[in-house]
1. Has the stretch B:139-146 got at least one residue that is more than 13 Å from chain A (Cβ to nearest Cβ) and assigned to a loop (DSSP other than H, G, I, E, B)?
2. Name the residues in the stretch B:382-425 that are within 15 Å of the ligand (Cβ to nearest atom) and outside any helix (DSSP H, G or I), would you?
3. Scan the stretch B:209-226 and give yes if some residue there is within 30 Å of B:Gly163 (Cβ to Cβ) and open to solvent by 30 Å² or more (accessible area, probe 1.4 Å), otherwise no.
4. Residues B:Leu170, B:Leu234: which one is buried (at least 19 other Cβ atoms within 10 Å of the Cβ) and assigned by the TED database to the domain that holds B:Trp279?
5. Given the condition within 12 Å of chain A (Cβ to nearest Cβ) and closer than 17 Å to B:Pro573 by Cα, answer yes or no: does some residue in the stretch B:282-305 qualify?
6. Specify which of the listed residues (B:Ala531, B:Ala513, B:Ala526) is among the small types (Gly, Ala, Ser), under 20 Å from B:Ile562 (Cα atoms) and away from the ligand (no atom under 16 Å from the Cβ).
7. Exactly one condition in (1) within 28 Å of B:Asp404 (Cβ to Cβ); (2) open to solvent by 10 Å² or more (accessible area, probe 1.4 Å); (3) within 16 Å of the ligand (Cβ to nearest atom) is not met by B:Glu494; state its number.
8. If I filter the stretch B:82-98 down to residues being of a type outside the set (A, V, I, L, M) and free of Cβ contacts under 8 Å to residues at least 60 places away in the same chain, which single residue comes out as farthest from the ligand (Cβ to nearest atom)?
Amino acid sequence: MSSQENDETDDLPKHGLKGPSPDERPHPEGRRNSQGIRIDPEAEAEPEQRRAVLSALVEDDPGVLSRIAGLFSRRQFNIESLTVGPTTVENHSRITMVIEESDPGIDQAEKQLAKLKPVIAVGELDDDAVRTELVLLKVEGDEPDKVHAVTEMYDGQTLDAGPRTITVQLTGDEQKIDDAIDAFRQFGIIEIARTGYTALARGDQATVPGEKPGTADEPTQPTNAQ
Amino acid sequence: MSKQAPSSPNATTEAEVDPDEEAEQAPVTTGSEAVIRALENEGVEAAFGVQGGAIMPVYDALYHSDIRHVTMAHEQGAAHAADAFSVVRNEPGVCLATSGPGATNLVTGIADANMDSDGLLALTGQVPSDMVGSDAFQETDTTGVTAPITKHNYFASDADTVGDTVGEALALAGEGRPGPTLVDLPKNVTLDETDAEPGPAEPPETTRPQYVADEENVEEAAEAIEAAERPLLLFGGGVIKGDATEQARAFARGHEIPVVTTMPGIGSFPEDDDLCLSWAGMHGTGYANMAITHTDLLIAVGTRFDDRLTGGIDTFAPEAEVVHIDIDPAEISKNVHADYPLVGDAGIVLDQVDDAIDASPDADEWREQCQTWKDEYPMDYATPDDEPLKPQFVVEILDEATGDDAIVTSGVGQHQMWAAQYWTFTEPRTWVSSHGLGTMGYGLPAAIGARIAADDDQDVVCIDGDGSFLMTIQELSVAVREELDITVAVLNNEYIGMVRQWQDAFFEGRRMAAEYNWCPEFDMLAEAFGARGFRVDDYDEVAETVEEAVAYDGPSVIDFHIDPAENVYPMVPSGGANGQFALTEDQL
Ligand SMILES: Cc1ncc(C[n+]2csc(CCOP(=O)(O)OP(=O)(O)O)c2C)c(N)n1
């Protein structure tokens, strides 16, 4: 079934994942490390971990979330957060994932995600991408004025204020949320719920490869291209 | 090999009247009929399975179909048989099971197919949709259980679309890098009325692989090959699955590059060719492993660099840059970093690279060196007459007694390694074994699937271990009922031998739970099933008995009582360096 005649070559789909071109690839010398990568003997044996924000555009098949979560646990990818929600296209959702992995690990995660049937396209976001997180904080209600002041300082909103507790909502990048949580500690934090990042590429860059900004009502063409 | 369904005589007569004209198909009226129609549309000839409550509607639709159904003794057997069918035919095999225990019994076979990238479509019955989630009788979350071991699985929700879903699942199983897919079929969906004829079977848009490699990358890889001093080709199972053996052979011979295969790649290149160094890895030949250790450019095609092949990654092909051709981008640099990644179909990319090469690498010395290693580390075993029977000898005699294109299936253990080492494979799709998952009990059901897929004049031999044979021995009843011409050679050491070998080597000889000296008399057991049974203890009886068993037109079992102390060598200890293989126990 997979036999392909040569003269049919031109008719074949060509939009797979290409891999980087020669000049984009490192050509290190030396022995391999435990990840199969040739390393400079002088350099560190294990590649460093970094955080990456991945965005996947998926079809809303039943079980898509569990397939993605299952992939992460089965392949031992270190996942920090995962958010999911609908897009402008019917039956499509966007999943934003933050993972902490070495470069080869991030590359593997992307490729393995791209292989899942409901995944239309997947890509890593640049550092300049717009990313934000939402957090709900429930604190003791003894000092409502002060709580209000801190909430204002962090551009938050009070969602619920009762005689004993106050619940506020904050959004922003990780640093801002961490700082805010620190600031709220003085009141006694009772409960926290954080969503993890959701993100979009900045400007007219596509968030996932093949996604065309400004044509939201046109379905995205599947591409697993880089 | 005649079909048992009462409807078939009728169908045959019709076909005889006018063989060219396709018999007018009755319109689809139920979900089940749509399921079967989707299989028929794709030319599915055989399916393997076991009946049961939730799958009964599908079987009812099969009653009127020309698809040959083989009832297996156990669903694991059905999955393995379908898997082996796919290996031999190079198209997805089909298996069926009922919900709950039927579906869970398929799991080992599905996982096996997944690890070996074998195309497989599993159709499972399910409790009616409105009872799903209620822990109904024979309910299991089949899509949940099989999600991690399938390429994709589907829960059919509607009789009007179920035919298309089955077509898509079948197409997806065979597309690109093949693998298992599953469609879970709630009983109401298969019973519901529909007149929706399934459309053309197409894989989902989101999974389309890339067949042609990036030209810039091809140029660069070609330059690396031209410049290599010690080039080595490594052919994996992908060469066979990609139907690229012709291109692979032409490439190797055209540029005179020595060839090593992986175990699933056995048969991609003839093992009796001077350029062939056989297979590499834990129990691969010394010369294959030496070549891997010393090559400066490893051209790997359709392999996923399994650890049984590579040993310790940090010592794998230590001097080599790697060209990696694979249709699955996720395999590139997964285990071994690819210096020259080429994503695409094996045959197409090999031709692309071939076209891009201006001059073959200058590697006379290297080829000579490889030849020297062949002489230095020959595959050998001792056969003094007074010693108990050696399994390697049995394998060699079986090889001699059967045709060049004979198909060999195996269980998992020492016997599997001896079969792979001492049989000389020359054709693709003649070595059918459980590689990635290493499933004991694979051999006999695989022989059944292979027999049904094979040409009538092709011999099918199952080389099994006593332990492996016992795991799925009930399938002998199927071979007898279907009158399948299969020869089972049990290399009986009354041990689960591979475990014993490791216990002796790495656990100071504590043979905990490795003895099988309560083994039944396999020859008598075979007769009890209705097969022919033989027992062989001595060298003198081997050739004659093998001849008789192979000549017998039906299933036969030869119980070879082999030297229980025999071990598999060479051996690269797990995680070790390929170049440091042990040829005897003392070297471990
Ligand atoms: C289903 C399953 N269970 C356990 C194992 C672990 N295992 C690997 S080899 C082996 C021994 C196989 O014994 P046998 O089939 O008699 O073959 P031999 O090694 O003696 O040739 C065992 C138990 C396995 N591979 N598969």
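The values are calculated or read from the model by the stated rules, or taken from the named source; none is laboratory data. Being a predicted model, the structure only gives us computed values, none of them experimental. Cβ coordinates were reconstructed from backbone atoms using ideal geometry, including for glycine residues, and neighbour counts include every protein chain displayed. The area values use the complete protein model at the heavy-atom level, side chains included, leaving out ligands, DNA and RNA. Shrake-Rupley method; radii C 1.70, N 1.55, O 1.52, S 1.80 Å.
1. Checking the stretch B:139-146: at least one residue is more than 13 Å from chain A (Cβ to nearest Cβ) and assigned to a loop (DSSP other than H, G, I, E, B).
2. B:Pro388, B:Leu389, B:Lys390, B:Val408, B:Thr409, B:Ser410, B:Gly411, B:Val412, B:Gly413, B:Trp423
3. no
4. Within the list B:Leu170, B:Leu234, the selection yields B:Leu234.
5. There is at least one residue in the stretch B:282-305 that is within 12 Å of chain A (Cβ to nearest Cβ) and closer than 17 Å to B:Pro573 by Cα.
6. B:Ala526
7. Looking at each condition in turn, B:Glu494 falls short on (1).
8. B:Thr98
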